[in-house]
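Trainee: Can you read through this structure? Questions will come right after.
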Amino acid sequence: MTSIKSLRWLMRKKSGLSDGGKSSFKIKQLPFMAVLCTVMLFIVYRTTKYQYHQEEIDKKWSFWGQPKVYPSTSGKLKGLPRGIIHADSDLELRPLWSRSSSRSKASVYSNRNLLAVPVGIKQKQNVDVMVQKFLQENFTIILFHYDGTVDGWWNLGWSSKAIHIVAQNQTKWWFAKRFLHPDIVSIYDYIFLWDEDLGVEHFSPSRYVEIIKQEGLEISQPALDPNSTEIHHRITIRARTKKFHRRVYERRGSTRCSDSSEGPPCTGFVEGMAPVFSRAAWYCTWHLIQNDLVHGWGVDMKLGYCAQGDRTKNVGVVDSEYVFHKGIQTLGGSGHRMTKVSNLHRTSKRQSGTGIDVRTEIRRQSTWEFEMFKERWNEAISQDKSWVDPFKSDQRRIRKRRDTKHVTI
């Protein structure tokens, strides 16, 4: 009996020693665990800080206000350190040399705008007047010479300040698609993509920019003088009593425009002769322009999709700063329906010796491209199942509201 009691006592003692040992071991582990937790927290903090820093760098690199997205092809750049990659450019002329005192100073461009015009030597006088107005307002000028003639422009005082690009018999949209890539024009607040036959006697570039900024017009154009030689759409005609307008009212003819109209050519529309794009709107428009459909027919009807929101609000025509459209036909002239066309330009000129009516052929090509553009648009919609037309829903809502009114009555 005594031996059994002794054995129980020894077992309890041994158990007590074992518990005490475990407790002692746990106490010794506490400082180690504290250090480990501190290290882990430090690592998490540094990782988070690094990620935030990289996101800020990406935002600075992106002129569009969105973090830079690196495409799958960026693997081709893996041999370069990330900070040396310069993914954009501009159209600013640089000196071949500069004084040592100014070499280290970085060029900062702010409040810069771009005027791009397709030109022929026959319109030299009109282009001269136009460019001089824009140069005074700190615009960068790029001229697209579609007739191959450049030497005849060098006697103009400003010619050396402009960029000249030559390609025989090419259109404005051909030039724009190839030389106005968004990454090239990203420093410019607004891109003026104008025709050469616009009179600017009543137009101030600085006042125009001020108005479209104030009114939030992402896509715009100056109104046309009512006495212009050529007018295609009523919405482009100047309203004498307004500073700008976003829609037009028309109760006659095949096109009826009223308050219920939600699309071109009644609202959300500018014409291709004198469009002005914000940086963001041009980014979208450049992607809308088809590389091979060089006449650009049909694009004007879809520009509202690039208005960065509601086209009935973000697209407009500025009345207080207006231009005179001379309607001078180049590259075969215009094939659109015209409100006014001078008799002088109704006659088609045949190419000497060939018997080919050049203007008629170009109009045929333009019409074919227009149909092709519509086909591509419809095909793109049918293929992209995730795309939702932002303006179709508006039309359904307006129709439903109208039907509800009729039922109530």
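The values are calculated or read from the model by the stated rules, or taken from the named source; none is laboratory data. Bear in mind the structure is a predicted one, so any value in this text is a computation, not a measurement. Every residue, glycine as well, gets a Cβ built from its backbone with ideal geometry; the counts of neighbours run over all protein chains shown. Accessible surface areas use protein heavy atoms only, side chains included; no ligands, DNA or RNA. Shrake-Rupley method; radii C 1.70, N 1.55, O 1.52, S 1.80 Å.
Trainee: What's the number of the condition Asp300 fails, among (1) assigned to a loop (DSSP other than H, G, I, E, B); (2) of a type in the set (D, E, K, R); (3) open to solvent by less than 50 Å² (accessible area, probe 1.4 Å)?
Mentor: Condition not satisfied by Asp300: (1).
Trainee: Report, by residue number, each residue of segment 129-186 that is farther than 22 Å from Ala281 by Cα, among the hydrophobic types (A, V, I, L, M, F, W, C) and assigned to a loop (DSSP other than H, G, I, E, B).
Mentor: Of everything in segment 129-186, those that are farther than 22 Å from Ala281 by Cα, among the hydrophobic types (A, V, I, L, M, F, W, C) and assigned to a loop (DSSP other than H, G, I, E, B) turn out to be Val150, Trp154, Leu156, Trp158, Ala162, Ala167.
Trainee: OK, next. Got a number for residues in segment 201-211 being open to solvent by less than 50 Å² (accessible area, probe 1.4 Å) and in contact with a Phe, Trp or Tyr (Cβ under 7 Å, 6 or more places away or on another chain)?
Mentor: The qualifying residues number 4.
Trainee: If you don't mind, there's one more thing I want to ask. Filter segment 318-371 down to the residues that are at negative phi and of a type in the set (Gly, Ala, Ser), then identify the one that is modelled with the highest pLDDT. Show your work before the answer.
Mentor: Of segment 318-371, the ones at negative phi are 318-326, 328-330, 334-352, 354, 356-371.
Filter again for of a type in the set (Gly, Ala, Ser), leaving 320, 334-335, 342, 348, 352, 366.
Numbers: Ser320: 96, Ser334: 42, Gly335: 37, Ser342: 34, Ser348: 41, Ser352: 45, Ser366: 92.
For segment 318-371, the residue satisfying everything is Ser320.
Trainee: A further question follows. Note down all Cβ pairs under 9 Å where the first residue falls in segment 180-196 and is without any contact (Cβ under 8 Å) to a residue 24 or more places away in the chain, the second is charged (D, E, K, R) and open to solvent by less than 10 Å² (accessible area, probe 1.4 Å), and they're at least six residues apart or on different chains.
Mentor: Every condition considered, no pair remains.
Trainee: Same structure, new question: Does segment 279-292 include one or more residues that are β-branched (Val, Ile, Thr) and at pLDDT below 95?
Mentor: No.
Trainee: Return the total of residues in segment 182-216 being more than 12 Å from the chain's Cα centre (by Cα), acidic (Asp, Glu) and under 16 Å from Ala116 (Cα atoms).
Mentor: Final tally of qualifying residues: 3.
Trainee: Which pairs have Cβ atoms under 7 Å, sit 6 or more apart or on different chains, and link a residue in segment 166-178 that is closer than 15 Å to Leu91 by Cβ and at pLDDT 95 or above to one that is assigned to a loop (DSSP other than H, G, I, E, B) and not small (Gly, Ala, Ser)?
Mentor: Hits for this filter: Ala176/Ile289.
Trainee: What are the residues in segment 215-269 that are open to solvent by less than 20 Å² (accessible area, probe 1.4 Å), closer than 21 Å to His202 by Cβ, hydrophobic (A, V, I, L, M, F, W, C) and in a strand (DSSP E or B), if any?
Mentor: Ala223, Leu224
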